[in-house]
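What follows is one structure encoded as structure tokens, with my remarks underneath.
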Amino acid sequence: MTRTPASDGPREPLCGLEVAVVGAGPSGVFATQELLRTGAHSVTVIDRLPAPYGLLRYGVAPDHQQMKQLIGSLQQVLTDPRVRFVGGVEVGRDLATTTLRERFDAIVYAAGAPIGRPLGVPGEGLPGVFTSEQFVGWYNAHPDHAVEDQLLHGPCAVVIGGGNVALDVARILLLDPDELVRTDVPDHVLASLRATRFTDVHVVVRRGAKEANFTTKELRELGELPGVGVIVDGSGLPDPSAEPDTRSRIARNLELFAGWAAEPAKPTRARLHFHFGFSVREAVGTDRVASVRLRPTFSETSDTDDDLLLRAQLLVSAVGYRGREIQGIPTDPDSGIVTNVDGRIHRGGRVSLGEYVVGWQARGPSGVIGTSKVDARQVASHLVEDASALRARRPLGTARDPLSVRGLGWAHWERIELAEQALGERRGASSVKLFTWTSLRSATP
Amino acid sequence: MVYVITGSCVDVTDRSCVEQCPVDCIYEGDRKLEIHPDECIDCGACEPACPVSAISHERDLAPSEVQYLDAAREFFARGRA
């Protein structure tokens with residue numbers, strides 16, 4: 001690291017500055033890590049949940065344990081003596097952004113994009129219809145989405161979406177629930193999956209196989225689920241060898257689809273169907289969803305001859321996410337993206353000194369976990385650049401008071417972890433998640 | 001399961017992948033970058049970052065490319081001096 005001479009001011013550029021990071025998910029923790037590397041001496045990381053790790057804990061599928069290894073590196077950052085974790089505090093609701101600005105020199109927003117987009121079609125309000133936020137939140141024990149009663153009805157499900165979230169949802173529905181016993185899913189999720197065996201799961205993609213955003217690895221996993229056949233109509237599939245780069249993700253995905261399309265049908269316990277070029281028009285049912293009406297996406301006419309009616313007792317929309325607007329922070333109402341230029345928050349068309357944003361709250365929900373590292377470096381360099389202006393802005397003779405921001409700290413999170421480990425022991429799992437606000441706040445099951 | 005950097009990286013070493021890796025498991029190799037097979041968490045962040053499509057999941061390696069995974073293992077086994 002380059003150090004400026006002592007006479008030029010503080011040896012560490014960020015020395016003496018109180019920084020708050022809003023959100024303890026990957027983007028917030030990567031930003032914290034980068035700030036520490038740049039010489040920050042005090043970072044307060046605030047999360048609305050009593051548990052840290054954001055999407056790693058509440059987004060990544062329970063059977064993707066390898067991804068969760070990243071938790072180890074995030075934990076290292078959050079337990080650094082220069083970092084204080086404040087859980088269970090929602091900025092904009094429990095703590096005003098104006099208060100935050102009084103108590104900290106700089107604030108980095110990293111609250112992600114947690115809100116699942118709805119489909120906007122008739123019948124969406126029927127029981128059995130969920131957004132991916134609700135459904136993923138349910139199986140991942142997010143306290144906003146706990147449903148202890150039998151949630152699922154089968155044996156058919158429709159998942160709308162052309163991204164990895166749609167694949168996660170399909171895989172969770174199709175895998176043998178015994179595969180989840182050693183993971184951290186709550187007992188009621190396991191029970192619900194066991195009580196409802198799905199025979200047919202349909203993944204519906206608005207555009208073509210080529211435009212889908214699936215990762216090859218995730219796609220391949222579906223084809224390897226024991227007892228599950230993948231059914232794709234080969235007639236409309238683009239030729240993988242026509243791709244300019246035959247090693248690209250798209251070419252590899254197309255090869256997988258072509259392989260499945262060419263496979264002779266054989267009897268399996270369950271089937272995964274891919275439908276490309278269809279959009280959902282309606283969820284049909286009386287007391288709960290019973291079927292889903294699809295129409296070719298690029299149909300010129302309004303006639304219903306080409307409509308496809310799929311029997312389904314469960315409909316999950318995985319059509320993207322948007323940010324949750326934080327009161328007092330300029331945010332685009334549709335995307336939930338905070339108004340910013342390269343990570344500096346703008347108010348009234350001008351840079352707002354000391355306010356920054358990273359990750360999905362800055363860019364929208366794209367990229368895998370890890371993409372936020374670039375944002376983190378950027379925000380750290382902004383802070384270095386702004387440091388003297390931030391110091392000069394401090395009211396004379398006053399001290400910032402970060403400790404006055406109180407919530408459930410790291411010790412509380414460790415109690416949650418212990419409670420979760422105890423729950424896990426009964427099932428031979430290393431931990432099983434607490435899933436209600438009450439249990440998370442009390443750190444007891 | 002891990003990601004592997006194949007021959008297209010040789011003498012290119014663009015390093016865009018290094019910027020993306022959340023666990024910092026991509027190292028400077030002899031003439032190319034190398035992913036540490038024991039540190040990679042299989043997240044896939046690096047794959048789309050590569051301008052020369054040099055990064056593949058180990059399951060996607062062509063028979064002629066399997067050597068790169070072996071080479072990576074050997075590289076890290078002998079220590080990165």
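See the values below:
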| item | result |
| --- | --- |
| Entirely in the range A:216-296, the strands (runs of 3 or more DSSP E) that have 1 or more residues that are of a type in the set (Asp, Glu) | A:278-285 |
| Residue identified as surrounded by 17 or more Cβ atoms within 10 Å (Cβ to Cβ), more than 11 Å from every other protein chain (Cβ to nearest Cβ) and of a type in the set (A, V, I, L, M) among A:ALA265, A:ALA258, A:ALA251 | A:ALA258 |
| In the range A:148-162, residue surrounded by the fewest Cβ atoms within 10 Å (Cβ to Cβ) [restricted to those that are at pLDDT 95 or above and more than 10 Å from A:LEU315 (Cα to Cα)] | A:PRO155 |
| Residue list for the range B:72-81, filter: among the hydrophobic types (A, V, I, L, M, F, W, C), in contact (Cβ under 8 Å) with a residue 12 or more places away in the chain and either surrounded by fewer than 22 Cβ atoms within 10 Å (Cβ to Cβ) or at positive phi (or both) | B:PHE75, B:PHE76 |
| Leading residue by the ranking (nearest to the other protein chains (Cβ to nearest Cβ)) among those in the range B:50-67 that are surrounded by 22 or more Cβ atoms within 10 Å (Cβ to Cβ) and outside any loop (DSSP other than H, G, I, E, B) | B:SER56 |
| Residue match in the range A:195-202 (condition: part of a helix (DSSP H, G or I), among the basic types (Lys, Arg) and either under 16 Å from A:ALA157 (Cα atoms) or without any contact (Cβ under 8 Å) to a residue 24 or more places away in the chain (or both)) | no |
| Count - residues of the range A:316-351 that are in a strand (DSSP E or B), in contact with a Ser or Thr (Cβ under 9 Å, 6 or more places away or on another chain) and not basic (Lys, Arg) | 7 |
| Selected residue (only one of B:ASP14, B:ASP42 is among the acidic types (Asp, Glu), more than 26 Å from A:LYS68 (Cα to Cα) and part of a loop (DSSP other than H, G, I, E, B)) | B:ASP14 |
| Residue, surrounded by the most Cβ atoms within 10 Å (Cβ to Cβ), within the range B:22-38, restricted to residues that are within 16 Å of A:GLN69 (Cα to Cα) and over 11 Å from the mean Cα position of the chain (by Cα) | B:PRO22 |
| Filter result for the condition that a residue is facing chain A (nearest Cβ under 8 Å), touching a helix residue (DSSP H, G or I) at 6+ places or on another chain (Cβ under 9 Å), buried (at least 22 other Cβ atoms within 10 Å of the Cβ) and touching a residue at least 24 places away in the same chain (Cβ under 8 Å), over B:GLU47, B:GLU19 | B:GLU47 |
| Flag for A:VAL201 being among the hydrophobic types (A, V, I, L, M, F, W, C), surrounded by 18 or more Cβ atoms within 10 Å (Cβ to Cβ) and closer than 25 Å to B:LEU61 by Cα | no |
| Any hit, the range A:176-189, residues being in a helix (DSSP H, G or I) and under 14 Å from A:ALA270 (Cα atoms) | yes |
| Checklist (1) in a helix (DSSP H, G or I); (2) surrounded by 14 or more Cβ atoms within 10 Å (Cβ to Cβ); (3) of a type outside the set (A, V, I, L, M, F, W, C) applied to A:GLU385, failing item | (2) |
| Subset tally (residues that are under 30 Å from the mean Cα position of the chain (by Cα), within 20 Å of B:ASP60 (Cα to Cα) and away from every other protein chain (no Cβ under 14 Å)) for the range A:221-248 | 2 |
| Residues of the range A:109-131 that turn out to be crowded, with 21+ Cβ neighbours inside 10 Å and not in a loop (DSSP other than H, G, I, E, B), as a count | 5 |
| Members of the range A:47-59 that are within 8 Å of the chain's Cα centre (by Cα) and over 13 Å from A:VAL169 (Cβ atoms) | A:GLY54, A:LEU55, A:LEU56, A:TYR58 |
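For every residue, the table says whether it meets (1) within 14 Å of another protein chain (Cβ to nearest Cβ); (2) in contact (Cβ under 8 Å) with a residue 40 or more places away in the chain; (3) crowded, with 18+ Cβ neighbours inside 10 Å.
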{"position": "A:GLY349", "(1), (2), (3)": "no, no, no"}
{"position": "A:TYR356", "(1), (2), (3)": "no, yes, yes"}
{"position": "A:PRO365", "(1), (2), (3)": "no, yes, yes"}
{"position": "A:LYS373", "(1), (2), (3)": "yes, yes, yes"}
{"position": "A:ALA389", "(1), (2), (3)": "no, no, no"}
{"position": "A:LEU396", "(1), (2), (3)": "no, no, no"}
{"position": "A:LEU408", "(1), (2), (3)": "no, yes, yes"}
{"position": "A:ILE416", "(1), (2), (3)": "no, yes, yes"}
{"position": "A:LEU440", "(1), (2), (3)": "no, yes, yes"}
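Every residue, every condition in (1) assigned to a loop (DSSP other than H, G, I, E, B); (2) surrounded by fewer than 20 Cβ atoms within 10 Å (Cβ to Cβ); (3) more than 14 Å from every other protein chain (Cβ to nearest Cβ), yes or no:
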residue: A:VAL60; (1), (2), (3): yes, no, no
residue: A:ASP63; (1), (2), (3): yes, yes, no
residue: A:ARG84; (1), (2), (3): no, yes, yes
residue: A:ARG101; (1), (2), (3): no, yes, yes
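The values are calculated or read from the model by the stated rules, or taken from the named source; none is laboratory data. Everything numeric here is computed off the predicted structure, so don't read it as measured data. So basically every Cβ, Gly included, is an ideal-geometry build from the backbone, and we count neighbours across all protein chains shown.
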